[in-house]
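Each remark here refers to the structure printed beneath this line.
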Amino acid sequence: MVEITNVSEYEAIAKEKLPKMIYDYYASGAEDQWTLKENESAFSRILFRPRILIDVSKIDLRTTVLGFNISMPIMIAPTAMQKMAHPEGEYATARAASAADTIMTLSSWASSSVEEVASTGPGVRFLQLYVHNDRNVVAQLVKRAERAGFKAIALTVDAPRLGRREADIKNRFVLPPNLTLKNFEDLDLGKMDKTNDSGLASYVAGQIDRSLSWKDIQWLQTITKLPILVKGVITAEDARLAVQYGAAGIIVSNHGARQLDYVPATIMALEEVVRAAQGQIPVFLDGGVRRGTDVFKALALGASGVFIGRPVVFSLAADGEAGVRKVLQMLRDEFELTMALSGCRSLKEITRNHIITEWDRPRIAPRL
């Protein structure tokens, strides 16, 4: 294999290796895919104000997330059905996360169960949750995750219906026959029917509760002691409500640009959410993170950490566990270098003054 030097290079390899239906499922966004492109390109409109002549011989990337110590503020976002990318699927991802000493979020719609992922060995793991119409299904899965040692629930709140992903409609996407949604297998909800459009969209239409509302966060708190992260907040109004309803944290996310097109890039929505949360709960970000510089920019705007999604499935497709390990290592190395070149020795030294955005250029414009 050609020497991989950055995270984005894995996408082309994945595209070559994977069947079109599967690559398109992972790669595509909703409708015009404007937000999909914007999630990545918005980072390029944030520039650095590096500080020089600071002793950066020792740099500490460690942080804590919900009280758990991890090696860096870079974690793994939930992505569904990873065995479509590689036969080892979520097992490989779990081992890579554990080796990097960071957190993995397992998708509800994983092709490996919470118990199987737990069996790979130690590691801090969160479960991403969709709320099914049948609340017993939800309660059962949450209990199983608790028993399997999962440490938090990331509740997805931006998908009462599935976004219109035209590639999946064209390809008539369906879960390959050899795979199941392993967490739901015993409930006869593990299979997807072939349909005239996207099999996943039809599955969601039949299974996922469109009536989900803020009071359901309180319901979740009655069935589990695990902290609940609200994933899919992109406005100040909803950030305030998340605090009010007892969320343990917020993930600023637009679902990898797969739900509502023409929402802002998450990096553009981040500061509004951080300000509204007023430091009461931590705010994280996913969407478009492909470089260590992106990680630094998110932290400078107030994020406590970031989650990566597509880089994981693309590197998994290209090279299995070793690919995911390499993605985590490259992001770590780039982030550490960005810190050094910006004059920051620990995460708490990264400040808003280390970046300049298009909306605050006048603030630091030179006096002529």
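The values are calculated or read from the model by the stated rules, or taken from the named source; none is laboratory data. Note that this is a predicted model, so its numbers are computed, not measured. Glycine also receives a Cβ, built like all others from the backbone with ideal geometry; neighbour counts cover every protein chain displayed. Only protein heavy atoms, including side chains, enter the accessible area calculation; ligands, DNA and RNA are left aside. Shrake-Rupley method; radii C 1.70, N 1.55, O 1.52, S 1.80 Å.
For THR102, work out the one condition from (1) open to solvent by less than 10 Å² (accessible area, probe 1.4 Å); (2) touching a helix residue (DSSP H, G or I) at 6+ places or on another chain (Cβ under 6 Å); (3) assigned to a loop (DSSP other than H, G, I, E, B) it doesn't fulfil.
Going through (1) open to solvent by less than 10 Å² (accessible area, probe 1.4 Å); (2) touching a helix residue (DSSP H, G or I) at 6+ places or on another chain (Cβ under 6 Å); (3) assigned to a loop (DSSP other than H, G, I, E, B) one by one, THR102 breaks only (2).
Being of a type in the set (D, E, K, R), closer than 23 Å to VAL230 by Cα and open to solvent by 10 Å² or more (accessible area, probe 1.4 Å): is that true of LYS326 here?
no
Could you tell me whether the range 62-76 includes any residue that is in contact with a strand residue (DSSP E or B) (Cβ under 9 Å, 6 or more places away or on another chain), open to solvent by 70 Å² or more (accessible area, probe 1.4 Å) and not polar (S, T, N, Q)?
yes
Select from the range 32-61 the residues that are open to solvent by less than 90 Å² (accessible area, probe 1.4 Å), closer than 24 Å to LEU285 by Cα and in a loop (DSSP other than H, G, I, E, B) and list them in ascending order.
Matches in the range 32-61: GLN33, ARG49, PRO50, ILE59, LEU61.
Give the residue that is surrounded by the fewest Cβ atoms within 10 Å (Cβ to Cβ), with candidates limited to residues of the range 227-252 that are in a strand (DSSP E or B) and not hydrophobic (A, V, I, L, M, F, W, C).
Here the answer is GLY249.
Just one of VAL117, VAL138, VAL131 is open to solvent by less than 30 Å² (accessible area, probe 1.4 Å), in contact with a His (Cβ under 8 Å, 6 or more places away or on another chain) and of a type in the set (A, V, I, L, M, F, W, C); which is it?
One residue alone meets the criteria, VAL138.
What are the residue pairs meeting all of these: first residue in the range 212-224, first residue within 15 Å of ALA145 (Cα to Cα), second residue among the acidic types (Asp, Glu), Cβ atoms under 8 Å, and 6 or more apart or on different chains?
Pairs found: THR224/GLU146.
Only one of ALA236, ALA248 is closer than 17 Å to GLN128 by Cβ, aliphatic (A, V, I, L, M) and more than 14 Å from the chain's Cα centre (by Cα); which?
It is ALA248.
Please specify each residue of the range 141-163 satisfying the condition of being touching a residue at least 60 places away in the same chain (Cβ under 8 Å) and surrounded by fewer than 17 Cβ atoms within 10 Å (Cβ to Cβ).
LYS143
What are the residues in the range 273-287 that are open to solvent by 30 Å² or more (accessible area, probe 1.4 Å), more than 17 Å from PHE126 (Cβ to Cβ) and under 19 Å from the mean Cα position of the chain (by Cα), if any?
Matches in the range 273-287: VAL274 only.
Within the range 253-272, work out how many residues are among the acidic types (Asp, Glu) and either open to solvent by less than 10 Å² (accessible area, probe 1.4 Å) or under 22 Å from PRO160 (Cα atoms) (or both).
Within the range 253-272, residues that are among the acidic types (Asp, Glu) and either open to solvent by less than 10 Å² (accessible area, probe 1.4 Å) or under 22 Å from PRO160 (Cα atoms) (or both) number 1.
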